[in-house]
Amino acid sequence: MLFVFVGLMWFVRLLDTPLLGSASVVGTGVIPRTYDGLFGIITAPLIHSSWSHLMANTPPLLVFGALILLRGVEEFIFVTLCTALISGAGVWLFGSSGNHVGASGLIYGFAGYLLFRAAFDRQWGSVVITVLVAVTYSTGLAMGLVPQDRISWTGHFFGFIGGVVAARLRYPGLQKRVTA
């Protein structure tokens, strides 16, 4: 599933290369507060502005996606959909003007999910993954939340929120024990 998604991103970039900056073959990304931008919530993760943009997004997407897939395809699909919808809706509502594209909202969502899943499922395996992700990626993730020119920090922020929401929805918490 993960390799199909990443392969689709690479295929779209290959098809988009001759277009030289015009709209992608799959449409536009998220264009805040426009009708066309709503459809972009679905297409934006597949569209990348350049080969370097795609190459920067691929490794963390593969690593985080693989860590989520350890719990199964259903979990991966749930986290991906939840993150993409919340990230896209957040960008559509609050993003700066422009065409927001790329899979980094998903990357931040996957990271948010992996960092907070342990708080809700309370499993040691999740704690180990949380520590691994925090130690390995925390600095890079934090830098992506700082507003920068031509980088959709709102996509990163709402993607992260989407990942936390996905963790909460997926693992609603431990049942309270009632003793008599």
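With contacts taken as Cα pairs under 8 Å and at least 6 residues apart, the chain reaches a relative contact order of 25 percent. Put simply, the Cα atoms of the range 1-83 extend 38, 27, 16 Å along their principal axes, the longest span coming first. Within the range 56-112, the ratio Rg/Rh, alpha carbon atoms throughout and Rh by Kirkwood, equals 1.01. Treating the angle as unsigned and between 0 and 90°, give the value, to the nearest 10°, between the Cα long axis of helix 153-170 and the longest Cα principal axis of the chain. Its long axis makes an angle of about 30 degrees.
For the range 48-128, state which trypsin sites (Lys or Arg not before Pro) are in a DSSP loop and have at most 12 other beta carbons lying within 10 Å of their beta carbon. Working shown, then result.
Values: sites: Arg71, Arg117, Arg122; in loops: Arg71, Arg122.
Here the sparse-neighbourhood loop sites are Arg122.
How far is the Cα center of the range 156-174 from the Cα center of the range 72-91, in Å? Here the answer is 9 Å between Cα centres.
Calculated [222 nm] ellipticity per residue, helices only, for the chain: -22500 deg cm²/dmol; basis is -39500 (n - 2.57) per DSSP H run with n ≥ 4, divided by all residues, nearest 500.
Computed from Cα positions, the angle between helix 51-69 and the longest principal axis of the chain comes to roughly 20 degrees.
We did not get these values from a lab; they are worked out from the coordinates using the rules stated. The shown structure was predicted, so the numbers you read here are calculated from the model rather than taken from an experiment. All Cβ positions, even for glycine, are placed from backbone atoms using ideal geometry, and neighbour counts span all protein chains on display.
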